[in-house]
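Each remark here refers to the structure printed beneath this line.
Each reported figure results from applying straightforward, stated rules to the coordinates on display, with no laboratory input. Everything numeric in this text was worked out from a predicted model, so none of it was measured. Cβ: placed from backbone, ideal geometry, glycine included. Neighbour counts: every protein chain shown.
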Amino acid sequence: MKVAIIMGSISDMTVMQEAIDILKSFGIETITDIVSAHRTPEKLFDFSKNAHIKGISVIIAGAGGAAHLPGMVASLSPLPVIGVPVKSSNSIDGWDSVLSILQMPGGVPVATVALNGAKNAGILAAQIIGSHDPTVLQKIIVYKESLKEAVHKSSEGLQ
């Protein structure tokens, strides 16, 4: 199973790298590409309509500004799409991106994570895959246990 990580421009890569890193830590194969909703609409259509044929299980789409990429992909693909709003240089504190991805019409869902929340997008994609892959599920269980242990250690350090 593979997760596709796409973004509207190369400037989004610094944010989206966190999704790549966490997915690789779970042993999940990723493919990464730049697919601009506004500058390469033909590429967006081709990618979205054919991702499931190419063995992709989940799509993570990051976009800033008007942030049409996740919603357009979701309108064309049968796969789950996780949108990452990216705070970009032309953004209104990121709110434009958050709302563009979050406010999808009925019938075209996009799971939306926090502004610049690519790590959580990667974890959510892994959980989706883990619901059918026991190996990935076990890695998620171990990861979540490590989060709990880190909090306990921090707490003990305060006392």
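Some points to look at:
- Matching residues, segment 63-102, being among the charged types (D, E, K, R) and outside any helix (DSSP H, G or I): LYS87, ASP93
- Subset of segment 32-65 [within 19 Å of ALA121 (Cβ to Cβ) and hydrophobic (A, V, I, L, M, F, W, C)]: ILE34, VAL35, ALA37, LEU44, PHE47, ALA51, ILE56, VAL58, ILE59, ILE60, ALA61, ALA63
- Extreme residue, farthest from the chain's Cα centre (by Cα), among residues of segment 34-69 that are buried (at least 16 other Cβ atoms within 10 Å of the Cβ), among the polar types (S, T, N, Q) and over 16 Å from VAL84 (Cβ atoms): SER48
- Condition met for GLY27 (assigned to a strand (DSSP E or B), in contact with a helix residue (DSSP H, G or I) (Cβ under 8 Å, 6 or more places away or on another chain) and either in contact (Cβ under 8 Å) with a residue 12 or more places away in the chain or surrounded by fewer than 15 Cβ atoms within 10 Å (Cβ to Cβ) (or both)): no
- Test: SER146 is assigned to a helix (DSSP H, G or I) and over 19 Å from PHE26 (Cα atoms): no
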